[in-house]
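The values are calculated or read from the model by the stated rules, or taken from the named source; none is laboratory data. What you see is a predicted model, and the numbers here were worked out from it, not measured in a lab. Cβ placement follows ideal geometry from the backbone for every residue including glycine, while neighbour counts extend to all protein chains displayed.
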């Protein structure tokens, strides 16, 4: 098979491996620089079975096979309990008031389409606006003082699309950097091309990142590699956010649970447990810089409040977002709430959205990162920031 130079870059493996082209391997100017990481749960996780409305009899009526008994949860307050799979990794965060949950949160988009809603969230615009010239994290990067952005993903996400050149990098051990003969072949293809310096820089960044990661991992783990993929990924993300970047995006798939979702045990509890352990590993890796970090866990929408006939849940509306970090005012459920009952469901099927994600993140940027009203308006047009006292 014959490849042209341009088409070679466009193939999936090469595009992922060379996604750092034009980027820089930053070193933070100050270790006290504020950091933000967005964790996107793609597929719409079932928030109601993770942060559970234990005071709602309607919850238990609506989920005869999926409901998690109140006595099995970790109590958050009189109305809410945390899934038991998260007790070990997140209990310390909760007790130290370093994690908050924001129920009835999400977007005003009503399509219930994964792709459309994910795109809308990443553009960060009003629901009646389709695509835009940039994603909301690109706009944050343009405003944040000394921003050093990175996307930990196979391809640059829409959230970082725009004029600023943002590196994205695959950290999965199954998708290691291009090296050896393959690298030499690609570089030779561009030897007399105007892209030659950019290709060379991309490989240089790639090798530098992996060298930094592997040195740290060998030292900390004495040669052992974690068998939990996300926990390994989160540790690597934590190291790079600590040392080199202060604005990050990572997405995690596998949350579309239409069939055999699980209650106390099963598929979703395993997913959630890995997520919790990964976040705990990230915080531990960041060390003292955790005090300067805010992590926001988002998802495109929630799921139907009632379980379906396949012991799962379908596409919904409102969700629960997480906000955690060393300076987060947590240990509480934040934002406006309503009693969980049939009368408060949206369209008699879903949780309503009472806190728009744009206002949530805008409020954090204003209080925790010093963004002015004009800068907030640039990042999230027509979305007044919500002061939930999270930072």
When (1) part of a loop (DSSP other than H, G, I, E, B); (2) within 23 Å of residue 73 (Cβ to Cβ) are applied to residue 283, the one that fails is (1)
So for the range 293-309 (the condition being more than 23 Å from residue 137 (Cα to Cα), assigned to a loop (DSSP other than H, G, I, E, B), in contact with a helix residue (DSSP H, G or I) (Cβ under 6 Å, 6 or more places away or on another chain) and touching a residue at least 60 places away in the same chain (Cβ under 8 Å)), does at least one residue qualify?
yes
Determine whether residue 335 is without any contact (Cβ under 8 Å) to a residue 24 or more places away in the chain and part of a loop (DSSP other than H, G, I, E, B).
no
Filter the range 157-173 down to residues that are farther than 25 Å from residue 32 by Cα, assigned to a loop (DSSP other than H, G, I, E, B) and at pLDDT 90 or above and give me whichever is nearest to the chain's Cα centre (by Cα).
157
Looking only at the range 347-369, count how many residues are without any contact (Cβ under 8 Å) to a residue 60 or more places away in the chain and within 17 Å of residue 44 (Cβ to Cβ).
3
The helices (runs of 4 or more DSSP H) lying wholly within the range 56-143 that contain at least 1 residues that are surrounded by 22 or more Cβ atoms within 10 Å (Cβ to Cβ) and touching a helix residue (DSSP H, G or I) at 6+ places or on another chain (Cβ under 9 Å) are 87-95, 114-123, 136-143
Considering residues of the range 370-390 that are buried (at least 20 other Cβ atoms within 10 Å of the Cβ) and touching a residue at least 24 places away in the same chain (Cβ under 8 Å) only, the residue nearest to residue 326 (Cα to Cα):
390
